[in-house]
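Structure, as structure tokens:
The values are calculated or read from the model by the stated rules, or taken from the named source; none is laboratory data. The structure presented is a predicted model; accordingly, all values stated were derived computationally and were not measured. Cβ atoms come from the backbone with ideal geometry, glycine included; neighbour counts cover every protein chain shown. Heavy atoms of the whole protein, side chains included, go into the accessibility calculation; ligands, DNA and RNA do not. Shrake-Rupley method; radii C 1.70, N 1.55, O 1.52, S 1.80 Å.
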Amino acid sequence: MKEVRVEINDGMINVWLSGHIDSANAEEVKSELFGKIGDAAGPVTVDASGLEYISSAGLRILLQLRKKHAELHITDVSPEVYEIFDVTGFTQMMDVSRAYKKVSIDGCEVIGKGANGTIYRIDKDNVVKVYNNADALEDIQHEREVARLALILGIPTAISYDIVKVGDSYGSVFELLNARSFSKILETEPERIGWCVSEYVELLHKIHDTEVPEGKLPDMKKTALGWAKFMKDHLPEETGSKLVKLVEDVPYSNHMIHGDYHTKNVELTNDEVLLIDMDTLAVGDPVFEFASIYNALIGFYELNHDGVVEFQGFSYDTSVNFWNKVMAAYAGTDDAAVIESLSDRARIIGYTRLIRRSIRRGGLEDEQRKKEIDHWTEELIGLVSRIDCLSYKA
């Protein structure tokens, strides 16, 4: 019958249900389904993409199927049918996943980019974050949870209202009305750099002043310590040991950091400044935040100044100028020695991360990238030799 199709391969039982399943045909569907499965054992995946309606009589068939096959997954359920599963409690009893609307990003403007994905404007009101990881549903759920936490704690951010399929990956859709990133403002209205710095730093202080309940976000110090320990094999022994000790000595902080706070992730929408790309939220000392900011503005591009234009949209000179102004505004001082000290602390973590990242991606085998690694390493060795404290709170 057309409502049921079954394939059994290598111990996997795949079932396709389609059309309407209700009291009028439930017994026939049940007989067909169990007859085709027979005595086969193993996990069952039910593709419900063609299922238009299912009544309580149809749901009872699935309950009986689950009794025989404890591992039962129901996939690609339409919104209308998913509501039936949800209202009846089936989404709590078994693994039921929705079908996702497909969205194309062909020709769409890139308005943000982070470690885990790229953000595209799909129309004047909405953007989609497309994840690098093709199996990103857990990542999306994590970002939704931490973004909701940030909003509850008073951080202005956009919350995803839908999950979609984008090519072979998944995306989160956000409403961002008339939004422009700070990167775009600095690119097109360079005279507003003072305003951008002020708003950027005000939001950054708000983030860093926010205390996070214990266990709600990862500790960035633990991650950075892993970077430092990796570097011990790529630095002189004394330098490597001191680098690890410097990171170990950074005191624990339960205050929020964004983790990828560059100018493409700060948006102006209808006169409100919003933070996006929240999957890197953590807790920790501000030094870890500023290491990420330094890399996004300067670190990546020290030997290739054109790279910042490709990523941020504005020039390397603008990037350096913005960094220096942000450091002064954040510290609340024009004292060059203080600003240099804070910058040097951030650079230690920043270079550590850059070197590790490049080595793990085969940088030592590429001539140009090896030049970058050698440059960052030389800078790192010099900094570690004269810096005795990394914490911004010290």
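Worth a mention:
- Computed from phi, the 3J(HN,Hα) profile of region 168-175 under the Karplus parametrisation 6.51, -1.76, 1.60 (θ = phi - 60°) reads 8, 10, 10, x, 9, 9, 10, 8 Hz, with x in place of Gly and Pro.
- Each label was represented as a point 7 Å from its Cα along the Cα-to-Cβ direction; for Gln368 and Asp86 these points are 4.8 nm apart.
- Computed over protein heavy atoms with a 1.4 Å probe, the accessible surface of region 1-160 works out to 52 Å² per residue.
- When the Gaussian network model of the chain links Cα atoms closer than 10 Å, the mean-square fluctuations of Met327, Met231, Met94 top out at Met94.
- Here the contact order of the chain, divided by its residue count and restricted to Cα pairs under 8 Å and six or more residues apart, works out to 11 percent.
- Relative contact order %, region 70-187, counting alpha carbon pairs below 8 Å whose residues are six or more apart: 23 percent
- Mean Cβ neighbour count within 10 Å, used as a protection proxy, ranking 33-41, 169-177, 234-242 highest first: 169-177, 234-242, 33-41
- Spherically averaged projected area in nm², based on the convex hull that wraps the Cα atoms of region 143-300: 11.6 nm²
- For region 152-243, convex hull volume per residue from C-alpha positions, Å³: 245 Å³
- Here region 291-313 and region 72-117 have alpha carbon centers that stand 35 Å from each other.
- Extended-chain gain in nm, criterion 0.36 nm per residue less alpha-carbon gap, Asp95 and Asp249: 51.0 nm
- Whole-number percent relative contact order across region 236-370, with pairs defined as alpha carbons under 8 Å at least 6 apart: 20 percent
- Anisotropy class assigned to region 103-185 is oblate, per the alpha carbon gyration tensor with a/c at or over the 1.5 cut-off and a/b no larger than b/c.
- Highest-MSF residue in the chain out of Met12, Met220, Met256 [GNM, Cα springs under 10 Å]: Met12
- Summed over all non-identical Cα pairs, the Kirkwood treatment of region 214-271 gives a radius of 13.8 Å.
- Ordering Phe230, Phe322 by accessible surface, largest first, gives Phe230, Phe322; the 1.4 Å probe counts only protein heavy atoms, with every chain in place.
- Region 1-148: mean projected area of Cα convex hull, nm²: 11.3 nm²
- Only helices enter the 222 nm calculation for the chain: every DSSP H run of n ≥ 4 contributes -39,500 (n - 2.57), and dividing by all residues gives -14500 deg cm²/dmol, rounded to 500.
- Within-10-Å neighbourhood charge of Gly259 [Cβ basis; K, R +1; D, E -1]: -4
- Per-residue surface analysis assigns Val212 an accessible area of about 10 Å², computed on protein heavy atoms at 1.4 Å probe radius.
- Solvent-free Debye scattering, log10 I(q)/I(0), computed from the Cα coordinates of region 298-338 at q = 0.14, 0.32 Å⁻¹: -0.36, -0.99
- Each residue was assigned an accessible area with a 1.4 Å probe, and for Ser198 the value is about 70 Å².
- Antiparallel content of DSSP bridges confined to the chain, in %, to 5: 65 percent
- Rounded to the nearest 10 degrees, the inclination of helix 137-152 to the longest alpha-carbon principal axis of the chain is 60 degrees.
- From the Kirkwood radius over Cα pairs of region 235-321, Stokes-Einstein at 20 °C and 1.002 mPa s returns a whole-number translational diffusion coefficient of 142 µm²/s.
- Within the chain, the percentage of alpha carbon pairs spaced more than 28 angstrom apart rounds to 56%.
- Within the shell of other residues whose beta carbon sits under 14 angstrom from the beta carbon of Ile373, the net charge comes to -1, with Lys and Arg scored +1 and Asp and Glu -1.
- Using a Förster distance of 35 Å, the FRET efficiency for Leu151-Arg192 (Cβ separation, nearest 0.05): 0.85
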